[in-house]
Amino acid sequence: MIHQFKNNGYNVVIDVNSGAIHVVDDVTYDFLSYWQESGKEQAFAKMKETHSQVSESELLEIQSEIDSLIQDGSLFTEDNYEPKIKDFTARPTVVKALCLHITHDCNLACKYCFAEEGEYHTGKRELMSYEVGKQALDFLVANSGSRVNLEVDFFGGEPLMNWQVVKDLVAYGRSIEKQHNKNFRFTLTTNGVLLNDEIQEFANKEMANVVLSCDGRPEIHDLMRPFRKGAPSYDIVMPKFKKLAESRNQDKYYIRGTFTRNNLDFSKDVIHLANEGFKQISVEPVVAQETDDYALREEDLPKLFEEYDSLAAEMMRRQGTDKDFNFFHFMIDLEGGPCVYKRLSGCGSGTEYMAVTPTGELYPCHQFVGNTDFCLGDVWNGVKKTEVVNEFKHCNVYAKEECRNCFARFYCSGGCAANAFNFTGSILGNYHVGCELQKKRIECAIALKVHAASKDA
Amino acid sequence: MEHIKTLNTKRLQNTVKEGGCGECQTSCQSACKTSCTVGNQSCEQK
């Protein structure tokens, strides 16, 4: 199976099952399209019929190049992975990452918040105690088998509202790493309101990554991310974010925004953040109920595709200049990326990754918190609802009919289980708008790589 | 090759044998929290 697309003047061919990426001329592009449709012999005949201006010797030359890449395992490679992925996902899994909901409270009232201003459908504002957090880290260590790297994200609500507990938990984690042969990678997600020099210094010492929430242009940010009484927050958080990004040498952080139906022209928000000096940027589609007025709709897709294309074009123009920046959803590692198991076995929610509430309950991921059907157990007694864990364990691309034949499956791993559940009622469903956007992003990401390679050449 | 330029040398079928160690980062833990993107992640064995 191949996937072909044209982007910013490049003809790109992805050999889906091997991950090989090819750039081809116009004639070869058409030849490959016929080849996929009807096989070698018929493709040649069709090319002679439709491309009479191309000599037979040139067609034979192209045919021979294609043949040699097929031989080489770089074109029309078969998908032989299914039995291996089934065995892989059936293996006993270990927990390797926790999302610690260090607070279910927030000092902002973002309109799209899936955490409902931190309360997560519970109507209660809560802070995680040190004891609960400590037990969560012990649970992680005890359930992580021989895995060395353990990831812990301090999430909320707004985690800086419970900062002392964050610091104490980092200290506790560090104190037990050596004896258990573990390496904690702590990360922090914050809205920046309470950020100060002391927190910055601590974060730079201890946090492997920091995610800073900002939506881009001031009017867009302030529309969706006001304080509880409606006051704007952009001018308060922006200077702090700039300072933090600089103090981390513009690395190992993301300034992360959400785009909604209110800013379908979100590429302007990305460019705004880049022009403010940020080098690590992520601006992502909102996850919302269809009934929300800011939710993205099917009819918005053409506009959103245009936005991704225009963002990619701008990034191409900036490549190699001091205005260059990374856009998280356009980052792709074509040489050192993950193995096929990682790519096809799903995101790990409910098995390798779990969220912990302030009171110590375990959920498959942060997006499911508050939906008690998905409460898996707690950090003292471990996972009790094994049937739910099993459901997540077997949620991979081969369990989803629409993923089986999608070229993007090696890049998105079957997509987000929470999105699938929210839109279709099943974690095995597909959230169509999300899939279409993901496919577009992959194409843009590859086009950027092609552009960089063509400049090098 | 005249008509086809190949961009990368990594082939997924070659990762079947030695892959699957599970040391890599969880997809959602990187930045997103709302989407699953694995193509951009790094292999810990490299």
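No lab work stands behind these numbers, since they all come straight from the coordinates. As the structure is a prediction and not an experimental result, all values here were calculated from the model. With ideal geometry, Cβ positions are generated from the backbone for all residues, glycine too; neighbour counts draw on all protein chains shown.
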**Fill in**
Loop-resident trypsin sites (Lys or Arg not before Pro) in segment A:244-305 with no more than 11 other Cβ atoms inside 10 Å, DSSP not H/G/I/E/B, are A:Arg297
**Request:** Would you mind checking the tilt of helix A:163-180 against the longest principal axis of the Cα atoms of chain A, expressed as 0 to 90 degrees and rounded to 10?
**Result:** 70 degrees
**Item:** Cα long-axis angle, helix A:432-456 against chain A (0 to 90 degrees, to the nearest 10)
**Value:** 70 degrees
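What is the fewest-to-most order of A:Val450, A:Val369 by other Cβ atoms lying within 10 Å of their Cβ?
Working: A:Val450 23, A:Val369 27.
Least to most surrounded, the residues fall as A:Val450, A:Val369.
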**Asked** Which whole-percent values make up P(r) of segment A:1-63 when all C-alpha to C-alpha distances are grouped in 10 Å steps starting at zero?
**Response** 21, 53, 25, 1
**Message:** Using the basic label-point model (7 angstrom from Cα toward the beta carbon), what is the A:Asp197 to A:Glu56 distance in nanometres?
**Reply:** 8.1 nm
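For segment A:285-338, what is the Kirkwood estimate of the hydrodynamic radius, computed as the reciprocal of the mean inverse distance between distinct Cα atoms, to one decimal in Å?
On the way: mean 1/r = 0.0729 Å⁻¹.
One over the average 1/r among Cα pairs gives 13.7 Å for segment A:285-338.
Using the C-alpha atoms of the protein assembly as shown, what convex hull volume per residue, in cubic angstrom, is computed? It would help to have the intermediate numbers written out before the result.
Details: hull volume 72.8 nm³, N = 503.
Expressed per residue, the convex hull around the Cα atoms of the protein assembly as shown is 145 Å³.
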**Asked** So what are the three principal axis dimensions of segment A:332-438 from its Cα atoms, in whole Å, longest to shortest?
**Response** 41, 31, 22
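How large is the dipole of segment A:2-78 about the Cα centre if only Lys and Arg carry +1 and Asp and Glu carry -1, each at its Cβ, rounded to the nearest 20 debye? Intermediate values should be presented prior to the final figure.
Working: 4 positive and 14 negative charges, 45 e Å.
In total the dipole reaches around 220 debye.
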**Asked** Considering every Cα-Cα pair within segment A:75-213, what fraction, in whole percent, is farther apart than 23 Å?
**Response** 44 percent
**Item:** Point-charge dipole on Cβ atoms (K/R +1, D/E -1) for chain A, about Cα centre, debye to 20
**Value:** 1440 debye
**Asked** Expressed as an acute angle from 0 to 90° and rounded to the nearest 10, what is the orientation of the C-alpha long axis of helix A:26-50 relative to the principal long axis of chain A?
**Response** 80 degrees
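When the helix-only estimate is applied to the protein assembly as shown (DSSP H runs of n ≥ 4, each -39,500 (n - 2.57), divided by the residue count), what is the mean residue ellipticity at 222 nm, nearest 500 deg cm²/dmol? Mind showing how you got there, number by number?
On the way: 16 runs with 193 residues, N = 503.
Taken over the protein assembly as shown, the calculation gives -12000 deg cm²/dmol.
So for the protein assembly as shown: antiparallel DSSP bridges make up what percent, rounded to the nearest 5?
Working: 22 of 54 bridges.
The antiparallel proportion sits near 40 percent.
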**Complete:** Which of A:Lys252/A:Lys323; A:Lys252/A:Lys385; A:Lys96/A:Lys440 exceed 26 Å between C-alpha atoms? The answer is A:Lys252/A:Lys385; A:Lys96/A:Lys440
**Request:** Ignore the peptide's own chain and count Cβ atoms of other chains within 10 Å of each Cβ in A:340-350; give me the average, rounded.
**Result:** 6
**Request:** Report the FRET efficiency, 1/(1 + (r/R0)^6), for A:Gln179 and A:Lys124, where r is their Cβ-Cβ distance and R0 is 35 Å, rounded to 0.05.
**Result:** 0.45
**Complete:** When the charge dipole of segment A:324-457 is computed with +1 at the Cβ of Lys and Arg and -1 at the Cβ of Asp and Glu, the Cα pointing farthest to the positive end, of A:Leu362, A:Gly414, A:Asn390, is that of A:Gly414
**Request:** Taking the dipole about the Cα centre of segment A:96-170, with the C-beta of Lys and Arg at +1 and of Asp and Glu at -1, give me whichever of A:Phe139, A:Val165, A:Leu127 is farthest to the positive side.
**Result:** A:Phe139
**Request:** Let me know the longest stretch in chain A that avoids all GluC sites (Glu not before Pro) found in a DSSP loop with at most 16 other C-beta atoms within 10 Å.
**Result:** A:117-275
